[in-house]
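Just below is one structure, and these are the notes that go with it.
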Amino acid sequence: MRGGGGGPGVGPPGRPRWGSGATTPRSLSTGSSPRSSDDGEELVEVTLDLLEDDNIVLRSVEPAAAAAAAAAAAGLGMGASPSSVAPPPHQPPRRHPEPPSGAPSRSRSPAMRRTSSHRLLQFSQELKATASRAKQFSQDLTKRFTRTQSRANLAGEPSASAAAPSGIDAALEARAQRRRRAQLDRTKSGAQRAIRGLRFISGGNKTSNAWIEVQANFDRLARDGYLSRDDFPKCIGMTESQEFAMELFDTLSRRRQMQVDKINKDELREIWQQITDNSFDSRLQIFFDMVDKNADGHITEAEVKEIIMLSASANKLSRLKEQAEEYAALIMEELDPEGLGYIELWQLETLLLQKDTYMNYSQALSCTSQALSQNLAGLRKRSPIRKISSTLNYYLEDNWKRLWVLALWIGIMAGLFIWKFIQYRNRYVFHVMGYCVTTAKGAAETLKLNMALILLPVCRNTITWLRNTKAARALPFDDNINFHKTIAAAIVVGVILHAGNHLICDFPRLISSPEEKYAPLHEYFGDKKPTYLDLVKGVEGITGVIMVVCMLIAFTLATRWFRRSLVKLPRPFDKLTGFNAFWYSHHLFIIVYIALVIHGECLYLIRDWYKKTTWMYLSVPVGLYVGERTLRFFRSGSYSVRLLKVAIYPGNVLTLQMSKPPTFRYKSGQYMFVQCPAVSPFEWHPFSITSAPGDDYLSIHVRQLGDWTRELKRVFSAACEPPVGGKSGLLRADETTKKALPKLLIDGPYGSPAQDYSKYDVLLLVGLGIGATPFISILKDLLNNIIKVEEEEEASSDLYPPIGRSKAHVDLDTLMRITSKPKRVLKTTNAYFYWVTREQGSFDWFKGVMNEIAELDQRNIIEMHNYLTSVYEEGDARSALITMLQALNHAKNGVDIVSGTKVRTHFARPNFKKVLSKIATKHPYAKIGVFYCGAPILAQELSKLCYEFNGKSTTKFEFHKEHF
């Protein structure tokens, strides 16, 4: 048996993975041997075809018969090398067989030299096993086609005794033709895409650096020089997908014909080289072998289902596991149209390389006109001076509102400080206390100003009203909370300068001053020089200490670490973290302002009432704030709402749908405050309104993020009813629910940056998780406006048909009605919505809205993109099958398998630099509003990108972040 010693398909890396069935064989050679060898091993008879391209196709393998042994030919005699032997069309390439797992580790090394007779013996054993599998496969095919023919006979079709064999031949021939076409269609571009696909190890590290890390993990995890199968995922960095990693371990062991539970470092090195191989063919073969559990070269529907469940588990897609059987049938329907009951390696490759043809839906952006509309303004070389001036110009254009307000505020503070500083520099007290008193008094004047100004940014009703006036053109109302925080920081500095100078410098100098220096101060401090305790326990001192303590508590609990519960404290001090602690501690400002008024009326060095200006600073802001709180109190009582529907979605999200009060008018993007007396009779929390202004109801989505929202979910969960047969598994309640629903109070609406979306030509809406809520209302409102425009155009064409040649003139009355009728014009031409979430169940929150937009937006104004970060990025082997299945299912059924909507779900995180680049290319000279709601980290990235693209394109990006 010359030419067969290396095993089938063994050769250099550039060998074909399968023999070409399109080549005509030159000769047919058969080899035979005695029934058994000297050592008692049973041998087989092999029939091979020599093709014109010097490939050898294995035609049949049978046990050697006695008659065939007597008539055996001299040998193959065809001079083909082992590397030219290719497996049959239905068989994947195989590696050299390995010794049993019980053999020493040295014997399993690929560098082991085997003798010729040993290799022949191993080859014959493998061929014998192949013959057994081929026989079983032939029997299965015969049974399958026999059943098909029997059903045809029952239907009245003519039958023939040779129907089954002819059906098998026809199916095999049809598949062979498809295979030849697939080989011709494997273009260079497809091969380039393939190289980037099916990566088993993701990450930016180079292979050499990654191997160093794997070695370190091996040294840490190995016991007695061996790494166990259970520790293999940790060793190669697949801790988040352990099932997938262990299946990979089993596959590579199976390929080497080993059944082991541990490996040494040399074997780990070999496995690592295989899974990091740059050859797509090698990675494809590994992936195929992972699916092909019994190593027969065929993938059945059951094996496809198993790998779907494995991929779903690795990517945390629980719903996909529940539908694995349905999706496995879909893949078999697409790849096995002949009904043979299995698919082969080349078919899996075809699906991988051609998945882009299925994914022609919901593309990120159309780039067909990219070359035509490419903005070249930013590509021209500019001088350094021009670059600096351009950068400065764009910075001023983006920030001029903030800059002039901050400049004015800082200027007023500086003026007040200098005024008081000079005033006390010229008074006698300066000779006793020195510059300490001038600094303390200057800081005190700035504190009066800031304690008044800090209330204005939180007068939400006033700001909401001012947003609709011309004042919005000059004042940055979107930054009201940031300005509030900035003023708070200035107050901290003022308190340190004022109280610190008094306690550390002024009081000690006054106490230690000589009697002759103290004498002129008798009218302020008394005839007897006061002690340090006398100064502190006076009205001025006590009120000052009270203010400092209250401010210290409020400022500390308002920091991000305490408000977001990032600080973990033991019980019972854990109550000091969270939104509740922030909310209640902020109400200490009532005590602070009372103490501040008293403190300002009992000053040591001022006796004239008109010089005590604290009340002058505070009167207007405090009065405005008190009026706002009073209005909120009475308005919340008048806004009586009735709960219409309650639903609890995956991801701990509570949806509340309520009746809309007749006087409650709002814009998309605005928010309202909600109070639930059953949870707390004092707390009000802001939530974005997710219903559109045109809807006859109000809706909000509440995610459990803190103690108040947790209790709110618990209260409504108790009122919801469990799902009944035929309904979804969500907890729901409506007006028919027997249990009484908790009472809700609402207050609002209040303005936000997103409410001005209509003034932009193009919208880019980016939401992280529950941060998508303010944009859902915008999308619904935009869709409603689109529908109204279409309806008006249809009605106008029906009432006033165009004037044709048959009508010579039109009367003046008709002409006046046509021209005077106002037409609705949409300034916003396109909207791009990017929703990034970590959980598959999150897509249930707005599934109905997304499907409605996808169905009714015939003009393609709205473009939606869902991103699921729990799924590995495209090209990773752990998500390869899901990507293929996603494209296939949407092409067949129009539904995304991940979100369950008509909107495509992308994997990993979006590349916003590419997103903004494509939008700038597609919409030159447009004014684009970028609205974001979510974590601050991404806000910084988007803000920077907008600034960057404003400097190198004619497209104008304006970034806005939601603040509550």
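The values are calculated or read from the model by the stated rules, or taken from the named source; none is laboratory data. None of these values were measured; they are calculated from a predicted model. Virtual Cβ from ideal backbone geometry, glycine too; neighbours counted across all protein chains shown. Keep in mind that these areas ignore ligands, DNA and RNA; they rest on the heavy atoms of the full protein, side chains included. Shrake-Rupley method; radii C 1.70, N 1.55, O 1.52, S 1.80 Å.
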Return the residues of segment 577-605 that are assigned to a loop (DSSP other than H, G, I, E, B) and free of Cβ contacts under 8 Å to residues at least 24 places away in the same chain; say none if nothing qualifies. Thr577, His587
Check whether at least one residue in segment 934-952 is modelled with pLDDT of 85 or more, in contact with a strand residue (DSSP E or B) (Cβ under 6 Å, 6 or more places away or on another chain), crowded, with 19+ Cβ neighbours inside 10 Å and farther than 20 Å from Trp835 by Cβ, and report yes or no. yes
Would you please list the contacts, defined by Cβ atoms under 6 Å and residues six or more apart or on different chains, that run from a residue in segment 612-637 that is within 10 Å of Ala452 (Cα to Cα) to a residue that is open to solvent by 60 Å² or more (accessible area, probe 1.4 Å) and basic (Lys, Arg)? none
Assuming Glu735 fulfils every condition listed in (1) modelled with pLDDT of 70 or more; (2) open to solvent by 20 Å² or more (accessible area, probe 1.4 Å) apart from one, which condition is it? (1)
Among the residues of segment 866-901 satisfying the criterion of being open to solvent by 10 Å² or more (accessible area, probe 1.4 Å) and within 15 Å of the chain's Cα centre (by Cα), which is farthest from Gln242 (Cα to Cα)? Tyr867
Would segment 465-478 turn up any residue that is out of contact with any strand residue (DSSP E or B) (no Cβ under 8 Å at 6 or more places or on another chain) and acidic (Asp, Glu)? no
Have a look at Leu510, Leu535, Leu455, Leu521 and point out the one that is aliphatic (A, V, I, L, M), in contact (Cβ under 8 Å) with a residue 24 or more places away in the chain, under 19 Å from Tyr625 (Cα atoms) and open to solvent by less than 30 Å² (accessible area, probe 1.4 Å). Leu455
May I ask you to list the residues in segment 915-938 that are within 16 Å of the chain's Cα centre (by Cα) and either part of a helix (DSSP H, G or I) or not aliphatic (A, V, I, L, M) (or both)? Val915, Tyr932, Cys933, Gly934, Pro936, Ile937, Leu938
In segment 429-447, the residues that are touching a residue at least 60 places away in the same chain (Cβ under 8 Å) and either of a type in the set (Phe, Trp, Tyr) or on the phi > 0 side of the Ramachandran plot (or both): Gly434
Looking at this structure, is Glu721 modelled with pLDDT under 85, acidic (Asp, Glu) and out of contact with any Cys (no Cβ under 9 Å at 6 or more places or on another chain)? yes
Any idea which residue in segment 568-618 is farthest from the chain's Cα centre (by Cα), counting only those that are closer than 24 Å to Thr438 by Cβ and of a type in the set (Asp, Glu)? Asp608
Options Arg269, Arg223; residue that is open to solvent by 30 Å² or more (accessible area, probe 1.4 Å), on the phi < 0 side of the Ramachandran plot and at pLDDT below 85: Arg269
Give me the pairs: first residue in segment 406-428 and under 25 Å from Leu521 (Cα atoms), second residue open to solvent by 50 Å² or more (accessible area, probe 1.4 Å), beta-carbon distance under 6 Å, and six or more apart or on different chains, which are they? Tyr428/Pro520
Whether any residue in segment 590-598 is modelled with pLDDT of 80 or more, more than 30 Å from Val539 (Cβ to Cβ) and among the aliphatic types (A, V, I, L, M) is what I want to check. no
